[in-house]
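Q: I have a structure here, written as structure tokens, and I will follow up with some questions on it.
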Amino acid sequence: MDNLVENLGTENVVIIGSGPAGYTAAIYAARANLQPLLITGFTSGGIPGGQLMTTTFVENYPGFPDGVLGPDLMDLMKSQAVRWGTKLIESDVTSIKCIDKPFEITTLEEKIKSNSVIIATGASANRLGIINEELFWSKGISACAICDGATPQFREADLAVIGGGDSACEEAVYLTKYGSKVHLIVRSNKLRASAAMIDRVNANPKIQIHWNTSVTEAIGSEWLENINTIDLNSNQKVIKVKGLFYAIGHTPNTGFLNNQLEIDSRGYIKCVSGRPETSIEGIFAAGDVADSEWRQGVTAAGSGCMAALAAERWLSEKNLAKVIKREQPEPKKSESSTSNLDEDANEETFDFNSEWQKGSYALRKLYHESAKPILVIFSSPSCGPCHVLKPQLKRVISELNGQVQGIEIDIDKDQEIAKQAGINGTPTVQLFKDKLLKRQWKGVKQRSEFKEAIKSLIK
């Protein structure tokens, strides 16, 4: 921590977290000419974009009558926040000094001072702690069906989902696209999901519900093969599955606060009833980090709006607001990542010198003919973490000035390639040099980790 850089300026407002609450807060604060600084969160509290990054179609967010992919919705929110002047830092907050004013926020790279803070760090998926859970984590057990369900190992296999809420039902329905059968394991005698989701589960012949049942153990050799279950009457049963997906709730990401704010018994930040103010003046909370009841994208966005308006009002009352004058009253139109749908390279479009290409043709050509390191990301269209990681990898490649080439493989389109590569979850990144696999990463990692690994291969 001694090598941290101190940001000498004092921000109007720092927003910690980048889900619907964080981005909405940023949009409102930016439009108020406060030029907010948003710290996305990268490893400790999940991924930038929050839980909607692990959701397929969001069908209950206003303005999208046909639904919208969770990652696409977050891309749009991010673009809107940036368009109005939000500054982004892709890092994690490790601590915050809540007593001193201005507040001091410490990230992995620097220390930042701010007159106000909006905490929108959301919540992270819970684990069960069953026998052999760690042994089979990412080898059959996952907390994100949306991320991992399309991988080759799960196709035409029996799968299981644990949970009884909307998330569990959504994941069960989603997995029927790939698995031959989905066991929905529910600890109680009824589902807690919305009526629409319950109807979908009941209407799907590939879903079997196991009521009043819990999973006790995961069994297999190199990969998950079976799960042991027990019901209320102590009847034990072995269910043959190759995939087990958790949808059992979340824990709020408040550990970095070190109990400086008032927290309830479940870890949620206590706020003034119906308002975003916390126990410390100048610090506000929004989204799932303070909401143990509703936990919806639209309610998180609404609370982000309230937090930004409350912060703006508080800064004005304390004469702390530094209004940033815009060069242009109307900012330029945004270009969200959702509009940049690059096509797979083919014999006609393949460019041997391009820094980033897509598809199996490009992979085969570069694998056999390129002398440079090759960075390959295996992704799927509905994988939120993939949406987060791809621009980071492109940035790494750009910073290395053409000394490395990147390729994206869609595991839905190129199933055989994914199978040959042994991919069992997305995103998975592989680094090749001279036809040899040098490194492999699963999930979202810091940019520096990829960069250092690539630099070690560059002569």
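The values are calculated or read from the model by the stated rules, or taken from the named source; none is laboratory data. None of these values were measured; they are calculated from a predicted model. Don't worry about glycine lacking a Cβ; one is built from the backbone with ideal geometry, like all the others, and counts go over all protein chains shown.
Q: Among ILE248, ILE162, ILE185, which is the only one that is more than 23 Å from the chain's Cα centre (by Cα) and hydrophobic (A, V, I, L, M, F, W, C)?
A: Working: ILE248 fails: more than 23 Å from the chain's Cα centre (by Cα); ILE162 fails: more than 23 Å from the chain's Cα centre (by Cα).
Residue meeting the stated conditions: ILE185.
Q: Then there is this: Right, THR229: among the polar types (S, T, N, Q) and either under 18 Å from VAL182 (Cβ atoms) or without any contact (Cβ under 8 Å) to a residue 24 or more places away in the chain (or both) or not?
A: Judged against the criteria, THR229 is a match.
Q: Separate question: Inspect all residues belonging to segment 384-391 and state whether any of them is in contact with a helix residue (DSSP H, G or I) (Cβ under 8 Å, 6 or more places away or on another chain) and of a type in the set (A, V, I, L, M).
A: Yes: one or more hits.
Q: Of all residues in segment 367-376, count the ones that are within 15 Å of PHE450 (Cβ to Cβ) and either under 16 Å from the mean Cα position of the chain (by Cα) or part of a helix (DSSP H, G or I) (or both).
A: The qualifying residues number 0.
Q: Could you pull out every one of the strands (runs of 3 or more DSSP E) wholly within segment 184-290 that has 3 or more residues that are surrounded by fewer than 17 Cβ atoms within 10 Å (Cβ to Cβ) and modelled with pLDDT of 95 or more?
A: Values: elements: 207-210, 213-220, 224-231, 236-240, 243-246, 250-252, 283-285.
Filter on segment 184-290 gives 213-220, 224-231, 236-240.
Q: Go through segment 389-423 and report how many residues are out of contact with any strand residue (DSSP E or B) (no Cβ under 7 Å at 6 or more places or on another chain) and over 13 Å from ALA150 (Cβ atoms).
A: Residues flagged as out of contact with any strand residue (DSSP E or B) (no Cβ under 7 Å at 6 or more places or on another chain) and over 13 Å from ALA150 (Cβ atoms) within segment 389-423 amount to 13.
Q: Scan ILE185, ILE207, ILE198, ILE162 and give me the residue that is touching a Phe, Trp or Tyr at 6+ places or on another chain (Cβ under 7 Å) and either touching a residue at least 40 places away in the same chain (Cβ under 8 Å) or on the phi < 0 side of the Ramachandran plot (or both).
A: ILE162
Q: For a quick check of your reading of the model, give me the residue pairs whose first member lies in segment 312-327 and is within 13 Å of PRO36 (Cα to Cα) and in the same structural domain as ALA25 (by TED's automatic domain parsing), whose second is acidic (Asp, Glu) and not in a loop (DSSP other than H, G, I, E, B), with beta-carbon atoms closer than 6 Å and at least 6 apart or on different chains.
A: Close Cβ pairs satisfying both conditions: none exist.
Q: Given the conditions (1) among the hydrophobic types (A, V, I, L, M, F, W, C); (2) assigned to a strand (DSSP E or B); (3) more than 11 Å from PHE378 (Cα to Cα), report the number of the one that ILE407 does not fulfil.
A: (3)
Q: Quick one: which residue in VAL388, VAL404, VAL396 is at pLDDT 95 or above and either in contact with a His (Cβ under 6 Å, 6 or more places away or on another chain) or crowded, with 17+ Cβ neighbours inside 10 Å (or both)?
A: VAL404
Q: Considering only residues that are of a type in the set (S, T, N, Q) and over 15 Å from GLN296 (Cα atoms), which ones fall in segment 60-82?
A: First pass over segment 60-82, keeping only residues of a type in the set (S, T, N, Q): 60, 79-80.
Across segment 60-82, the qualifying residues are SER79, GLN80.
Q: Please specify each residue of segment 146-167 satisfying the condition of being under 17 Å from GLY384 (Cβ atoms) and among the hydrophobic types (A, V, I, L, M, F, W, C).
A: Listed by number, the residues that qualify are ILE146, CYS147, ALA150.
Q: Answer yes if at least one residue in segment 162-169 is in contact with a helix residue (DSSP H, G or I) (Cβ under 7 Å, 6 or more places away or on another chain) and of a type in the set (D, E, K, R), and no otherwise.
A: yes
Q: May I pose another question? Read through the list (1) within 21 Å of the chain's Cα centre (by Cα); (2) without any contact (Cβ under 8 Å) to a residue 60 or more places away in the chain; (3) surrounded by 15 or more Cβ atoms within 10 Å (Cβ to Cβ), then give the number of the only condition that SER448 fails.
A: (3)
Q: Looking at segment 20-75, which of its residues are of a type in the set (A, V, I, L, M, F, W, C), farther than 16 Å from VAL117 by Cα and either at pLDDT below 85 or not in a helix (DSSP H, G or I) (or both)?
A: PHE42, ILE47, LEU52, MET53, PHE57, VAL58, PHE64, VAL68, LEU69
Q: Against the conditions (1) closer than 30 Å to ILE15 by Cβ; (2) touching a strand residue (DSSP E or B) at 6+ places or on another chain (Cβ under 8 Å), where does ILE230 fall short? Just the number, please.
A: For ILE230, the failing item is (1).
Q: Then there is this: Being under 20 Å from GLN51 (Cα atoms) and among the basic types (Lys, Arg) is the filter here; which residues of segment 270-314 pass it?
A: If the condition is that a residue be under 20 Å from GLN51 (Cα atoms) and among the basic types (Lys, Arg), then ARG295 is the only one that fits.
Q: Right, next: Could you list, in sequence order, the residues of segment 161-183 that are in contact with an Asp or Glu (Cβ under 9 Å, 6 or more places away or on another chain) and part of a loop (DSSP other than H, G, I, E, B)? I'd like the intermediate steps shown before the answer.
A: Applying the first criterion (in contact with an Asp or Glu (Cβ under 9 Å, 6 or more places away or on another chain)) to segment 161-183 yields 161, 163, 178-183.
Of everything in segment 161-183, those that are in contact with an Asp or Glu (Cβ under 9 Å, 6 or more places away or on another chain) and part of a loop (DSSP other than H, G, I, E, B) turn out to be GLY163, TYR178, GLY179, SER180.
Q: Under 6 Å between Cβ atoms, at least 6 apart or on separate chains: pull out the pairs that start in segment 368-393 with a residue that is closer than 13 Å to GLY443 by Cα and end on any residue that is among the basic types (Lys, Arg) and outside any loop (DSSP other than H, G, I, E, B).
A: GLN392/ARG447
Q: Identify, from the list GLU90, GLU11, the residue that is surrounded by 19 or more Cβ atoms within 10 Å (Cβ to Cβ), out of contact with any helix residue (DSSP H, G or I) (no Cβ under 6 Å at 6 or more places or on another chain) and either at pLDDT 95 or above or not assigned by TED's automatic domain parsing to the domain that holds ALA307 (or both).
A: Numbers: GLU90 fails: either at pLDDT 95 or above or not assigned by TED's automatic domain parsing to the domain that holds ALA307 (or both).
Answer to the selection: GLU11.
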